[in-house]
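Novice: Provided herewith is a single structure, encoded as structure tokens, for subsequent inquiry.
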Amino acid sequence: MPQIKAAVCRAFGQPLQIETVTLAAPQMGEVEVTLRACAICHSDISYIDGGWGGTLPAVYGHEAAGHVSAVGEGVRGISIGDGVVVTLIRSCGTCPSCAGGKPVSCESDMASGPLTAADGGPLHQAMHTGGFAERVVVNQSQIVKLPEGIGMEAASLLACGVITGVGAVVNAAGLRAGQDVVVIGAGGVGLNAIQGARIAGARRIVAVDMSEEKLAIARDFGATDGVLATTEKPWRAAKQAMGRGADAVFVTVGATPAYEQAPQYLANGGKVIMVGMPHSGAMASYEPVMMAATGQGMVGSKMGDVVIARDIPWMVDLYAQGRLKLDELISGRWTLEQINDAIADTKTGSAKRNVIVFD
Ligand SMILES: [Zn+2]
Ligand SMILES: [Zn+2]
């Protein structure tokens, strides 16, 4: 069985350790991918910081792309050498959620454990991926084949941040052309909600963020207006820009004040799309009578409610046409050995993605 280098989390809140671990060969329906790139997502950091609990020791990382290096029995349509995106969305295809078109909510327990620590002890493959490692073994349902020529760093972003943001707009909100949108948070996911709204034909796209610098980047991705979250009652400025309330407000940050304020931006009949994930136990409150009397709603959106085999090839094509920005989302490239520095840089709140690059 191959020995690979992986960044292992042994204690919450502590630096990851680069260790040599064992990766089992792909079993029935599984694929081994030799990674070329794995981006760092705020979800990885929430886990590493202990915000959501979970099993340790663990290998995080779930926003990956690479080349297929081995296939298990029963795998169809994927061959050794194929370039692929690796997502955390593992789905059985037959449970009520999968059959109903929502594989991100798959109800089957499809846990597997391809990793073993150097001392022979258990090592958890976090989020069905374990992408902070030279190779991964995942279920074939998590993989989407890429066309020739697409860069692996750009492709890795399609595994989480891009599908989460764009998918929240087209799938969760079902946005129609001409509708008005507010996006709270112009970070990795927020920028993708903004470009998703642009692609979907939104009329006004108002970015709300704490930083002028991020509002400027938001404009590059399609925001028509920017409002500083630090201004008093920022929804007033947003409504002034739109001339009305928003049909959809996307909360792309995990801060509870953003969730508390989100309904204030809505037009009658509008919806808050809940994308950002606060730490477990965080609470927010809202005024039910307002929601009831105005026909407003709140809806949670996990991983952009994507169907990866449908949505990722669509986004790859938009990228090839120049209509979806990917390269512009990358702020830094790091080696696996530099991962703790890359995580520290991500925590400074920079708008974009740091990517671990493997040679
Ligand atoms: Zn993620
Ligand atoms: Zn399922």
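The values are calculated or read from the model by the stated rules, or taken from the named source; none is laboratory data. From a predicted model like this one, the values you see are computed outputs, not experimental measurements. Backbone-built Cβ (ideal geometry, glycine too); neighbour counts: all protein chains shown. Surface areas here come from the heavy atoms of the whole protein model, side chains and all, with no ligands, DNA or RNA. Shrake-Rupley method; radii C 1.70, N 1.55, O 1.52, S 1.80 Å.
Novice: Residues of the range 141-159 being open to solvent by less than 10 Å² (accessible area, probe 1.4 Å) and touching an Asp or Glu at 6+ places or on another chain (Cβ under 6 Å), which ones?
Specialist: Answer for the range 141-159, where residues must be open to solvent by less than 10 Å² (accessible area, probe 1.4 Å) and touching an Asp or Glu at 6+ places or on another chain (Cβ under 6 Å): Ala154, Ser156, Ala159.
Novice: Scan the range 61-72 and give yes if some residue there is of a type outside the set (Gly, Ala, Ser) and either over 30 Å from Lys347 (Cα atoms) or within 16 Å of ligand 2 (Cβ to nearest atom) (or both), otherwise no. Even if it seems obvious, please write down each step before you answer.
Specialist: Taking the range 61-72 first, the residues of a type outside the set (Gly, Ala, Ser) are 62-63, 67-68, 71.
Subset that is either over 30 Å from Lys347 (Cα atoms) or within 16 Å of ligand 2 (Cβ to nearest atom) (or both): 68, 71.
The answer is yes; a qualifying residue exists.
Novice: If a residue has to be crowded, with 21+ Cβ neighbours inside 10 Å and outside any helix (DSSP H, G or I) to count, how many in the range 231-252 make the cut?
Specialist: Total meeting the criteria: 8.
Results for (1) more than 16 Å from ligand 1 (Cβ to nearest atom); (2) open to solvent by less than 20 Å² (accessible area, probe 1.4 Å); (3) closer than 23 Å to Glu337 by Cα, shown as yes or no for each residue.
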position: Lys5; (1), (2), (3): yes, no, yes
position: Arg10; (1), (2), (3): yes, no, yes
position: Pro26; (1), (2), (3): yes, no, no
position: Ala39; (1), (2), (3): no, yes, yes
position: Leu56; (1), (2), (3): yes, no, yes
position: Gly74; (1), (2), (3): yes, no, no
position: Val85; (1), (2), (3): no, yes, yes
position: Ser97; (1), (2), (3): yes, no, no
position: Gly100; (1), (2), (3): yes, no, no
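Novice: Does Val8 fit the bill of being touching a His at 6+ places or on another chain (Cβ under 9 Å) and in a strand (DSSP E or B)? Explain how you work it out, then say what you get.
Specialist: Numbers: touching a His at 6+ places or on another chain (Cβ under 9 Å): no; in a strand (DSSP E or B): yes.
Taking the combined requirement at face value, the residue does not satisfy it.
Novice: Take the range 124-136 and flag every residue that is hydrophobic (A, V, I, L, M, F, W, C) and open to solvent by 10 Å² or more (accessible area, probe 1.4 Å). Break it down stepwise before answering.
Specialist: The first filter runs over the range 124-136 and keeps only residues hydrophobic (A, V, I, L, M, F, W, C), leaving 126-127, 132-133, 136.
If the condition is that a residue be hydrophobic (A, V, I, L, M, F, W, C) and open to solvent by 10 Å² or more (accessible area, probe 1.4 Å), then Met127 is the only one that fits.
Novice: Test of understanding: among Asp109, Asp49, Asp44, which residue is within 16 Å of ligand 1 (Cβ to nearest atom) and open to solvent by 20 Å² or more (accessible area, probe 1.4 Å)? Spell out how you get there, then give the answer.
Specialist: Working: Asp109 fails: within 16 Å of ligand 1 (Cβ to nearest atom); Asp44 fails: open to solvent by 20 Å² or more (accessible area, probe 1.4 Å).
After ruling out the rest, the residue left standing is Asp49.
Novice: So which residues in the range 279-311 are at positive phi and not charged (D, E, K, R), if there are any at all? If you could, list the steps in order and put the result at the bottom.
Specialist: Pass one, the range 279-311, residues at positive phi: 281, 295, 303-305.
Within the range 279-311, Gly281, Gly295, Met303, Gly304 qualify.
Novice: Still on this structure, I have one more. What's the number of the only condition in (1) open to solvent by less than 40 Å² (accessible area, probe 1.4 Å); (2) within 16 Å of ligand 1 (Cβ to nearest atom) that Gln179 fails to meet?
Specialist: So the condition that Gln179 fails would be (2).
Novice: Pick out, from the range 71-184, the helices (runs of 4 or more DSSP H) lying fully within it that include 2 or more residues that are without any contact (Cβ under 8 Å) to a residue 40 or more places away in the chain.
Specialist: Numbers: elements: 96-99, 152-156, 161-167.
It comes to 96-99.
Novice: Looking at the range 131-157, which of its residues are within 22 Å of Arg333 (Cβ to Cβ), small (Gly, Ala, Ser) and more than 15 Å from the chain's Cα centre (by Cα)?
Specialist: Ala133, Gly149, Gly151 - these are the residues of the range 131-157 that are within 22 Å of Arg333 (Cβ to Cβ), small (Gly, Ala, Ser) and more than 15 Å from the chain's Cα centre (by Cα).
Novice: Residue by residue through the range 335-352, note down the ones that are open to solvent by less than 60 Å² (accessible area, probe 1.4 Å), assigned to a helix (DSSP H, G or I) and more than 30 Å from Pro263 (Cα to Cα). Let's see the steps before the verdict.
Specialist: Within the range 335-352, the first condition is being open to solvent by less than 60 Å² (accessible area, probe 1.4 Å), and the residues that meet it are 335-336, 339-340, 342-346, 349-352.
Still in the list and also assigned to a helix (DSSP H, G or I): 336, 339-340, 342-346.
Listed by number, the residues that qualify are Leu336, Ile339, Asn340, Ala342, Ile343, Ala344, Asp345.
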